[in-house]
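Okay, structure first, notes after.
A short reminder: the numbers here are calculations on the coordinates, not readings from a lab. Keep in mind the model is a prediction, meaning the values are calculated, not measured. Cβ placement follows ideal geometry from the backbone for every residue including glycine, while neighbour counts extend to all protein chains displayed.
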Ligand code: DGJ
């Protein structure tokens with residue numbers, strides 16, 4: 001890892017473990033992009049990579065130079081001087097002009113990595129883990145300073161970037177857009193991979209060829225959203241899971257974002273990512289600064305799986321914080337799908353008792369324990385225990401659950417208020433709204449205006465009172481609606497368009513306060529499932545409820561898609577009842593567990609209604625997950641067969657860091673009569689390793705498993721050669737290997 005500035009050539013060469021990122025300051029003062037990809041010798045002069053000369057029709061930008069910004073790869077392109085593509089930022093001055101131009105002023109190279117003020121970001125624990133570069137650019141006329149930050153890490157093939165805009169003038173500057181980063185590629189020979197979805201259908205992957213013009217995904221909902229996740233991936237068309245060049249951009253942010261590319265008339269590609277400029281404006285007063293979120297950029301020359309593993313590692317080790325970063329996550333039982341709002345202390349204790357018998361470790365009381373909440377139409381904001389359901393109070397219930405030998409977790413939805421609540425009656429202007437307009441409700445609720453200090457303080461006080469006085473080990477932090485009628489009674493007219501970002505900054509501030517105050521609590525983020533599953537939230541809460549859809553078949557796509565960027569340790573998956581509550585499908589208990597165990601494994605069903613046989617099976621599942629928990633939560637994940645290709649077969653596996661243990665899974669959605677003979681090739685094992693299939697005497701070579709593969713089970717007569725049953729629809733099989741020739 002290194003960052004070198006070559007004074008003669010005016011070039012920066014950033015090197016992470018196996019990658020290079022090279023920039024040049026040209027004589028006009030513009031900071032241009034030369035290269036990002038596989039490591040290149042830092043001594044080489046890469047300046048000739050710039051496109052030479054002008055094409056017919058180009059406007060000349062600087063009188064002394066024979067270039068137009070329109071075809072020049074730039075690091076943080078401005079608007080208004082011969083570049084007709086989408087800019088990385090845009091400002092509006094008091095004279096009404098929106099044109100600007102950034103020129104190099106200075107730079108600083110230093111060890112380590114600074115925190116981003118008020119925003120989540122990757123971090124170092126020791127300054128020797130990373131080097132950082134700060135390049136200072138300035139628009140002379142506007143007196144706008146832009147600081148571009150770059151960090152390269154010793155142990156991660158990652159470059160992080162962000163930008164800070166500072167008003168050094170004596171007048172107001174309005175920021176109309178400020179992306180976190182832009183990268184200009186020389187060609188457009190790429191596929192664009194993004195995710196799309198909806199509530200209960202999160203993170204379905206899409207892949208399509210780039211074409212001239214703009215292609216993008218975004219959120220305008222006030223949350224990163226279930227509709228699109230805040231990342232984009234550019235992959236060469238020949239890219240598979242295992243080979244080919246891939247560029248990933250993942251935004252560490254939980255609010256409105258835009259991630260997209262523009263292919264220009266010369267088939268050059270500009271990628272941009274950051275806060276969504278739509279409906280955004282930020283008033284920057286003299287002396288003030290605006291910090292953009294961080295983008296984590298990954299280059300892999302070994303396909304998508306390698307890219308994912310790089311993201312998994314850095315997010316697991318240097319984004320997530322706190323004691324749960326390195327600790328096993330508890331196996332919990334959540335009462336939501338078991339009881340919904342209809343419970344009392346007795347019912348909860350029955351479920352908890354059963355959970356303890358089955359080996360579970362933590363009981364979570366979900367929605368409905370507070371105010372007067374018997375359905376979703378009331379009480380959000382009134383965080384006081386409902387004595388009609390819990391007559392002895394929360395503390396008494398917690399003590400009883402603890403007495404059973406289980407830890408206790410509690411659900412909150414702190415960002416919301418029900419119009420039917422004491423809080424709303426007292427403070428009707430504390431929600432996001434536009435004066436004089438109707439307030440659209442979703443799930444009968446409104447969003448509290450977290451841009452306001454008094455609102456944040458009040459909510460924090462209510463939460464803190466409960467968390468300080470009750471033995472709570474886990475908090476599920478839910479958020480169940482998106483923003484409409486975006487306005488704040490606490491902001492002046494000129495700052496109204498700042499609200500969605502100020503909201504997220506307020507949320508982050510609250511989460512940081514709670515994290516510091518309650519370091520022992522495991523926080524799980526949730527937004528009707530994966531409506532805000534993003535790296536920003538992972539900085540404060542190490543795991544996320546991935547989807548409200550708990551159906552094993554649906555989960556194959558959701559978990560597979562989520563794994564493109566996020567580690568298994570951040571993904572939560574629950575075994576639930578059948579018929580499934582979202583899609584009414586009946587899948588075997590084994591399959592439900594085999595899918596959920598490739599994540600933070602848990603249960604969400606009425607354990608008291610299980611048959612003895614089911615209880616025995618669950619006992620075994622829990623015992624087994626405890627055995628593989630470390631491997632699943634810390635190992636390297638490999639995708640083997642995609643549910644997005646063909647739909648019927650999915651396979652994935654996890655290999656321990658030392659490659660001495662591996663667990664692979666194959667899932668078949670529908671049974672096939674007389675299927676073709678197929679093999680599943682495993683990955684990531686030791687070539688010369690001899691692996692034993694656990695609980696059997698069967699030995700396999702690592703090379704054999706990777707290059708020849710395993711025969712896949714067939715489902716016709718339902719019985720495999722080894723006697724295992726693989727019968728009917730929705731089947732799964734697990735193979736667990738351990739190395740014997742250590
Ligand atoms: C949405 C969450 O995703 C569910 O798991 C559950 O907590 C409900 N909210 C409760 O209202």
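Some points to look at:
- Dividing the summed helix terms, -39500 (n - 2.57) for each DSSP H run of n ≥ 4, by the number of residues in the chain produces a 222 nm estimate of -5500 deg cm²/dmol to the nearest 500.
- For the stretch 649-739, the C-alpha radius of gyration sits at 1.09 times the compact-globule guess of 2.2 N^0.38 Å, with N the residue count.
- Inter-part distance, the stretch 285-321 to the stretch 376-415, computed on C-alpha centroids, equals 37 Å.
- Degrees separating the helix 499-517 axis from the principal Cα axis of the chain, which is the longest one: 50
- Centroid-to-centroid separation of the stretch 89-103 and the stretch 670-711 [C-alpha atoms, Å]: 60
- Rounded to the nearest 10 degrees, the inclination of helix 453-469 to the longest alpha-carbon principal axis of the chain is 30 degrees.
- Relative to the longest principal axis of the Cα atoms of the chain, helix 612-634 runs at roughly 30 degrees.
- Each peptide in 232-239, 555-562, 340-347 was scored by the mean count of other Cβ atoms within 10 Å over its residues; highest first, the order is 555-562, 232-239, 340-347.
- Averaging Cα coordinates gives a centre for the stretch 127-170 and one for the stretch 324-367; these two points are 46 Å apart.
- Of the peptides 68-77, 540-549, the order by per-residue mean of other Cβ atoms within 10 Å, starting with the highest, comes out as 540-549, 68-77.
- Extension gain for the segment residue 43 to residue 461, taken as residue separation times 0.36 nm less the Cα-Cα distance, is 144.8 nm to one decimal.
- Relative contact order of the chain, pairs being alpha-carbon contacts under 8 Å that are 6 or more residues apart, as %: 10
- Taking 4 °C and 1.567 mPa s as conditions, the stretch 76-318 diffuses translationally at an estimated 70 µm²/s according to Stokes-Einstein applied to its Kirkwood radius (Cα pairs).
- DSSP-defined antiparallel bridges as percent of all bridges, the chain, nearest 5: 85
- Computed log₁₀ I(q)/I(0) - Debye formula, equal Cα scatterers, no solvent, the chain, q 0.08, 0.09, 0.10 Å⁻¹: -0.67, -0.85, -1.03
- Highest mean packing comes first when the peptides 667-673, 606-612, 589-595 are listed by Cβ atoms within 10 Å, giving 589-595, 667-673, 606-612.
- Relative compactness, the stretch 255-328, computed as alpha-carbon Rg over 2.2 N^0.38 Å: 1.55
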